[in-house]
1. Relative contact order for region 121-205 using alpha-carbon pairs under 8 Å, separation at least 6, rounded to a whole percent?
2. Once you have the Cα-Cα distance between GLN2 and ILE102, take 0.36 nm times their residue separation minus that, and quote the gain in nm to one decimal.
3. How long is the gain from ASN132 to ARG109 if the chain were fully straight, where each residue apart is worth 0.36 nm and the alpha carbon distance is subtracted?
4. Could you tell me the calculated FRET efficiency between ALA29 and LYS74, based on Cβ-Cβ distance and R0 = 22 angstrom, to the nearest 0.05?
5. Net charge near PHE129: determine it from the other residues with C-beta under 15 Å of the C-beta of PHE129, scoring Lys and Arg +1 and Asp and Glu -1.
6. Can you give me the Rg/Rh ratio for region 139-232, using Cα atoms for both radii and the Kirkwood formula for Rh?
7. With each pseudo-label sitting 7 Å past Cα toward Cβ, what's the LEU51-ARG204 distance in nm, one decimal?
8. Once both labels are modelled 7 Å past Cα along the beta-carbon direction, what's the ILE151-ASN22 spacing in nm?
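Nothing in this text is a laboratory measurement; each read-out follows from the coordinates by a stated rule. Given the structure is predicted, the values throughout are model-derived calculations rather than measurements. As a convention, Cβ positions derive from the backbone with ideal geometry for all residues, glycine included, and neighbour counts pool all protein chains shown.
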Amino acid sequence: GQIKEGKGTVGKLVESEETHKNLNDALLAVKEGVGGLNKALGAANKIKLDLGVRTEYLSRASTAKGYLTVNVNKENSPQFYQLELSSQPLGRRVSTLTTDTITFPDGHRETYTIDQQQYKDEFAISALFGYNLGNLSGRAGIIESRGGAAIDYRALKDRLRFSAEMFDFSRPDLSAHAKVTARYYFSPSVYVTGGWDDFLNRSRKADSLFMGAGIRWSDDDIKSLLSAIPKP
């Protein structure tokens with residue numbers, strides 16, 4: 001009887017219209033939150049990640065470059081994204097502009113700008129947006145910390161791949177950095193690679209033939225590795 005009359009804590013909770021409204025609003029918010037979470041998880045399950053590492057030995061410079069690559073693919077979509085971190089054993093070009101103003105005895109001033117080019121042994125970043133069209137793929141964005149674009153062609157059921165890249169169009173005293181690569185997969189995970197790097201600057205002896213090898217982990221490989229990790 002006290003509950004029906006709205007007496008006491010329980011009675012006030014049961015008979016209060018505001019409590020009913022707040023409870024309904026809370027349940028609705030929970031429902032929407034769960035729906036949004038399910039949608040986010042469903043979208044995440046449609047994203048495929050490929051990880052890869054490779055090394056390329058440059059014959060002219062007698063040194064090697066290392067690459068760590070992450071490819072992000074969306075299921076049933078021709079679009080993809082590529083992120084890459086590469087070592088720069090020959091140095092990455094860094095431009096420094098220095099402006100100096102000189103005042104002469106007669107009062108007039110002259111301003112000088114000095115463009116200094118330095119090469120530092122650092123890492124470079126690539127971030128590319130790509131699109132698949134049959135056996136052809138196009139990529140554009142940043143290649144080794146410079147603007148550029150690339151095209152890929154796949155053959156023999158994706159076991160053989162040819163690539164051409166061009167980037168760094170504002171190199172002082174040099175043409176753009178162009179690179180052609182061939183890659184052959186012995187298995188979906190192991191491949192060898194080779195090609196001609198910076199071939200547009202052959203006359204300045206900046207080019208180099210290269211060869212190397214790499215390992216790739218597909219999305220299924222990554223999931224299998226994660227599932228094999230012992231859980232506490």
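1. Computed over region 121-205, the figure is 18 percent.
2. Result for the pair: 26.7 nm of gain on full extension.
3. In short, 2.6 nm is gained.
4. 0.15
5. Surrounding charge for PHE129 is -1.
6. Here the Rg-to-Rh quotient is 1.12.
7. About 3.8 nm, to one decimal.
8. 6.6 nm
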